[in-house]
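Chemist: Supplied in structure tokens, the structure appears directly below.
The values are calculated or read from the model by the stated rules, or taken from the named source; none is laboratory data. Model, not experiment: these values are computed from the prediction. Virtual Cβ from ideal backbone geometry, glycine too; neighbours counted across all protein chains shown. The area values use the complete protein model at the heavy-atom level, side chains included, leaving out ligands, DNA and RNA. Shrake-Rupley method; radii C 1.70, N 1.55, O 1.52, S 1.80 Å.
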Amino acid sequence: MNDPRNPPIARIRRHRHLGTVEGADHVVILMRTHLQKLMSEVLATNELTLDDDGDIRYQSRQAYGYASVMRSRKEVSVEFALLVASDIKPTRKLLEEINSINCSSPWIQVILTNGQVIVRRRLDWLEVNEESVRRTVFQTNAVADDIAELIAVVHGGITPRQQIEAATGDKGEN
């Protein structure tokens with residue numbers, strides 16, 4: 001039972017083995033459950049789509065991505081990442097645009113990796129609450145939607161939305 005006086009994040013903070021590898025594993029398990037509850041509230045759905053690792057799929061108008069609990073050594077965080085465009089060839093102009101976006105938006109990071117442009121934000125596990133998740137989903141979606149088509153058109157790539165439209169023949173006009 002969820003006791004409002006003892007939310008899951010409070011139980012995690014009090015975990016006695018937090019500084020150990022085992023403690024970090026325990027935090028990951030608890031954070032996945034906590035993140036699923038928060039994402040369900042933020043996305044206003046009881047039907048979250050999870051992958052095999054427990055990552056939560058979400059989308060903006062143009063991009064698709066995941067909210068994932070990440071663990072490195074003894075640190076735990078939650079990463080929100082949206083694929084904005086793929087089949088992108090790295091050019092100086094593209095890297096300058098990405099750098100400009102990153103300089104103007106310190107909370108969100110845009111990266112180019114393996115021909116894919118990704119918008120992401122990572123939260124330390126202690127920062128994860130309904131407000132921070134809501135704000136992060138809103139911010140990542142807004143940046144992804146602002147840059148997706150522009151990057152795909154100008155730099156010769158394709159957005160996830162365009163890939164789906166091409167595969168299904170659906171132009172998404174509802």
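Chemist: Can you tell me which residue in region 119-174 is most open to solvent (accessible area, probe 1.4 Å), limited to those that are charged (D, E, K, R) and within 12 Å of the chain's Cα centre (by Cα)?
Modeler: For region 119-174, the residue satisfying everything is R122.
Chemist: Looking only at residues that are without any contact (Cβ under 8 Å) to a residue 40 or more places away in the chain and of a type in the set (G, A, S) in region 51-80, which one is nearest to F138 (Cα to Cα)?
Modeler: Going through the qualifying residues, I end up with S68.
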